[in-house]
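This report refers to the structure that appears directly beneath it.
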Amino acid sequence: MSNVNEQLNMTGHLQIELNGQVVRDIDNLVVTAGKGFVASRMIGTSAGVMSHMEVGTGTTNPAANDTALESAVSSSRTAFTTSASVSGAVVTYVCAFAAGTGTGALTEAGIFNASSGGTMLCRTEFSVVNKGAADTMTITWTVTVS
């Protein structure tokens with residue numbers, strides 16, 4: 001009799017572009033609520049799919065029990081630019097923050113399944129990205145299941 005031990009891991013990575021230039025390329029934490037969300041989708045739960053990103057100014061390191069950003073920037077939650085795509089075990093989300101949206105000294109970001117509230121899948125904290133009112137920012141976020 002063989003002893004089978006298989007583990008499922010989820011990891012995230014994001015790239016932040018400000019005015020078309022890559023300014024951050026970092027890993028993130030898939031939070032406990034996000035992992036529960038993924039597990040619930042295996043039985044066809046009615047919870048909405050991941051659909052929005054939000055940015056903030058919080059500086060506390062991400063923790064597994066996070067359910068929201070530490071300090072979200074008002075009106076920064078934005079719908080994905082394109083539908084999420086899947087290639088093998090990698091899901092890619094892309095979100096464009098237009099001029100005037102998500103403005104400030106940004107230090108955190110998250111993925112959510114609603115335009116407000118909802119379930120957070122991932123959270124990351126990073127060194128400051130200064131997004132001015134006239135700047136545009138695109139975040140490309142990948143989540144890999146391995």
field: Residue in segment 48-64 that is most open to solvent (accessible area, probe 1.4 Å), counting only those that are in contact with a helix residue (DSSP H, G or I) (Cβ under 9 Å, 6 or more places away or on another chain) and touching a residue at least 60 places away in the same chain (Cβ under 8 Å)
entry: VAL49
statement: The correct count of residues that are open to solvent by less than 50 Å² (accessible area, probe 1.4 Å) and of a type in the set (S, T, N, Q) in segment 72-98 is 3
message: Tally up the residues in segment 112-136 that are out of contact with any helix residue (DSSP H, G or I) (no Cβ under 8 Å at 6 or more places or on another chain) and under 14 Å from ARG77 (Cβ atoms), please.
response: 7
message: I'm told ASN65 meets every condition in (1) of a type in the set (S, T, N, Q); (2) under 12 Å from the mean Cα position of the chain (by Cα); (3) closer than 16 Å to THR11 by Cα except one. Can you identify the failing condition by its number?
response: (2)
message: Would you confirm, using the coordinates I've provided, whether ALA68 is in contact (Cβ under 8 Å) with a residue 60 or more places away in the chain and either part of a loop (DSSP other than H, G, I, E, B) or β-branched (Val, Ile, Thr) (or both)?
response: no
- line: Exactly one of THR67, THR45 is more than 21 Å from ASN130 (Cα to Cα), open to solvent by 40 Å² or more (accessible area, probe 1.4 Å) and at pLDDT 95 or above, and that residue is THR67
- prompt: Before we move on, is THR107 surrounded by fewer than 20 Cβ atoms within 10 Å (Cβ to Cβ) and touching a residue at least 12 places away in the same chain (Cβ under 8 Å)?
  reply: no
- request: Test VAL30 against the criterion of being touching a Gly at 6+ places or on another chain (Cβ under 8 Å) and either under 17 Å from SER146 (Cα atoms) or without any contact (Cβ under 8 Å) to a residue 24 or more places away in the chain (or both), and give yes or no.
  value: yes
- request: Could you please give the count of residues in segment 81-101 that are at pLDDT below 95 and part of a loop (DSSP other than H, G, I, E, B)?
  value: 6
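The values are calculated or read from the model by the stated rules, or taken from the named source; none is laboratory data. Keep in mind that what you see is a predicted model, and the values were worked out from it rather than measured. Methodologically, a virtual Cβ is constructed for each residue, glycine included, from the backbone with ideal geometry; neighbour enumeration extends over all protein chains shown. Each accessible area value is taken on the protein alone, full model and side chains, heavy atoms only, with ligands, DNA and RNA left out. Shrake-Rupley method; radii C 1.70, N 1.55, O 1.52, S 1.80 Å.
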